[in-house]
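Let me begin by presenting the structure, written as structure tokens, before commenting on it.
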Amino acid sequence: MTFTDVIYSIGDLLTTSFQFFEVVGNIFNYSLIILGFFGFIYWMRTQKKLNDKALGDSKKIK
């Protein structure tokens, strides 16, 4: 086995391993965007509740 065979073997391995991304496509990206939107909505609702609670208590920093 020569050095060229090793390099081509590594190239073939990488080529076959990256075919996984063709199967997945943009599904992963879309799911991250949707998860981010839901996380942002959750965070803003929680922050609103905490702000309303702080406005009702005069000892809290506003």
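Values in this text are rule-based calculations from the coordinates and carry no lab data. A quick note: this is a predicted structure, and the numbers were derived from the prediction, not measured. Here the Cβ positions follow ideal geometry from the backbone for every residue, glycine too, while neighbour counts run over all protein chains shown.
For the range 18-62, the candidate set comprises residues that are of a type in the set (Gly, Ala, Ser) and part of a helix (DSSP H, G or I); within that set, the residue that is surrounded by the most Cβ atoms within 10 Å (Cβ to Cβ) is Ala54. Taking (1) over 28 Å from the mean Cα position of the chain (by Cα); (2) assigned to a helix (DSSP H, G or I) in turn, Met1 satisfies each apart from (2).
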